[in-house]
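Peer 1: This structure is in structure tokens; I'll ask about it shortly.
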Amino acid sequence: MSHTPVTDSAAAPLGGGESPNSRAEAAAGLLVRARTAGDKLDALPTEAKPGDKADAYAAQVLIAQVRAEDTAGWKIAATSLDGQRHINVPGPLGGRLLTSEVYGDGETVDLGNNAMWLAELEFVFVFAQDLAARPEEYTREEVLAAIGELRLGIELPSSRFVDPATVGELGLIADNACTGEFVLGPVVPAGWEPEVLPQTRVTVTVSGVAAGRGEDAAGAQATPADTESAQPGEPRVSYGIGENVMGDPVEALRWLVNELSALGHPLHAGQFVTTGTCCAPVPVKPGEALSADFTGLGTVECSFA
């Protein structure tokens, strides 16, 4: 199934200021081949294991180059302690979302190459100006000043590894922090205040008749969400809140900006950052549809095939 990739501006540069090395090149090659073939890796071999974060993020640059795609935006994985424990990492992880991975609000997302079948509901910040890489950290005020839009999003994480929990932080970063598909939802009307985001409640409804694989795909981000009990064929409802994202989605955004900046990666006007899930990941299947209401801010929707 094809879709029209969603972008907010002309294609953004790939980014990154480092010189790729052999480890990054080997990791990128293996990960792209696994994604293309639909295969899974047990681990990266010694010659492809990143030696540090610079290697891991360099592999992301090379994956984009090999796939001949631009970076539409960025994601943050493992923004909660539960998520970090589930995949055995010491903190959050950053990853790139490439243009072909981004869907529009209301579109049908193809899960055919997705290993997890889990949906995550997220706040998305779109930059109106560049943030150059620099030695000193960006303040909250500087990051907020660079934001052009707040949007709502649905992430469908995935992985090129059999068991992401055994791979380690650097291997997961090289794999774009479990990037899969992403729905870039509507723009929140002007006038929203950053202070309301931690207390914004999210109500997620999944409906429809599932089709496709009889078994669930394996989730790797976190334990799937608790849902209100429903009879077969009735909608399933689950809940979340903005403070589940590192206590504050804006602080999650600031973390990623400084994580990338310290390693020589700028962020560009038109790119977005999706900041991590407000609720435990919600199981979904082909044939179902999802609608998420962010109280007072709007609704984002998609269906699955």
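The values are calculated or read from the model by the stated rules, or taken from the named source; none is laboratory data. Nothing here was measured: the structure is a model prediction, and the numbers come from that model. Neighbour counts are summed over all protein chains in view; Cβ atoms, including those assigned to glycine, are modelled from backbone coordinates with ideal geometry. For accessibility, only protein heavy atoms count, side chains too; no ligands or nucleic acids. Shrake-Rupley method; radii C 1.70, N 1.55, O 1.52, S 1.80 Å.
Peer 1: If you scan the stretch 20-29, which residues turn out to be open to solvent by less than 50 Å² (accessible area, probe 1.4 Å) and touching a residue at least 24 places away in the same chain (Cβ under 8 Å)? Write out each step before concluding.
Peer 2: Initial filter on the stretch 20-29 (open to solvent by less than 50 Å² (accessible area, probe 1.4 Å)): 21, 24, 26-29.
Within the stretch 20-29, N21, A24, A27, A28, G29 qualify.
Peer 1: For the stretch 102-146, which positions are among the hydroxyl-bearing types (S, T, Y) and closer than 17 Å to A72 by Cα? Steps first, answer last, please.
Peer 2: Pass one, the stretch 102-146, residues among the hydroxyl-bearing types (S, T, Y): 103, 108, 138-139.
Result: Y103, single match.
Peer 1: Hey, another quick one. Taking into account only those residues within the stretch 42-81 that are outside any helix (DSSP H, G or I) and of a type in the set (K, R), which is nearest to C278 (Cα to Cα)? Step through it out loud before you land on a result.
Peer 2: Initially, the stretch 42-81 is screened for residues outside any helix (DSSP H, G or I), giving 42-45, 49-52, 67-80.
Still in the list and also of a type in the set (K, R): 49, 67, 75.
Details: K49: 31, R67: 30, K75: 13 Å.
It comes out as K75.
Peer 1: Specify which of the listed residues (V209, V237, V250) is crowded, with 19+ Cβ neighbours inside 10 Å and either at pLDDT 95 or above or not basic (K, R) (or both).
Peer 2: Working: V209 fails: crowded, with 19+ Cβ neighbours inside 10 Å; V237 fails: crowded, with 19+ Cβ neighbours inside 10 Å.
Among V209, V237, V250, only V250 is crowded, with 19+ Cβ neighbours inside 10 Å and either at pLDDT 95 or above or not basic (K, R) (or both).
Peer 1: Determine the pairs where a residue that is free of Cβ contacts under 8 Å to residues at least 12 places away in the same chain, located within the stretch 101-127, has a partner that is not polar (S, T, N, Q) with Cβ atoms under 6 Å apart, the partner being 6 or more residues away or on another chain.
Peer 2: Sorted first by the residue in the stretch 101-127, then by its partner, the list stays empty.
Peer 1: How many residues are under 16 Å from the mean Cα position of the chain (by Cα) and either open to solvent by 10 Å² or more (accessible area, probe 1.4 Å) or β-branched (V, I, T) (or both) when one looks only at the stretch 48-60? Walk me through how you get there before you give the answer.
Peer 2: We begin by selecting, within the stretch 48-60, every residue under 16 Å from the mean Cα position of the chain (by Cα); these are 57, 60.
Next, from what is left, pick out any that are either open to solvent by 10 Å² or more (accessible area, probe 1.4 Å) or β-branched (V, I, T) (or both): none.
So the count comes out to 0.
Peer 1: Test E301 against the criterion of being closer than 16 Å to E195 by Cβ, among the charged types (D, E, K, R) and surrounded by fewer than 24 Cβ atoms within 10 Å (Cβ to Cβ), and give yes or no. Full working, then the answer.
Peer 2: Details: closer than 16 Å to E195 by Cβ: no; among the charged types (D, E, K, R): yes; surrounded by fewer than 24 Cβ atoms within 10 Å (Cβ to Cβ): yes.
In short, no.
Peer 1: Just wondering, is there one or more residues in the stretch 88-111 that are open to solvent by less than 50 Å² (accessible area, probe 1.4 Å), among the hydroxyl-bearing types (S, T, Y), in a helix (DSSP H, G or I) and in contact with a Leu (Cβ under 8 Å, 6 or more places away or on another chain)?
Peer 2: Within the stretch 88-111, not a single residue is open to solvent by less than 50 Å² (accessible area, probe 1.4 Å), among the hydroxyl-bearing types (S, T, Y), in a helix (DSSP H, G or I) and in contact with a Leu (Cβ under 8 Å, 6 or more places away or on another chain).
Peer 1: For the stretch 19-53, enumerate the residues that are within 18 Å of E169 (Cβ to Cβ) and either among the acidic types (D, E) or at pLDDT below 55 (or both).
Peer 2: D42, D52
Peer 1: A further question follows. Are any of the residues in the stretch 140-157 under 30 Å from T46 (Cβ atoms) and modelled with pLDDT of 95 or more? I'd like the intermediate steps shown before the answer.
Peer 2: Of all residues in the stretch 140-157, those under 30 Å from T46 (Cβ atoms) come to 157.
Narrowing further to those that are modelled with pLDDT of 95 or more: 157.
Looking through the stretch 140-157, at least one residue is under 30 Å from T46 (Cβ atoms) and modelled with pLDDT of 95 or more.
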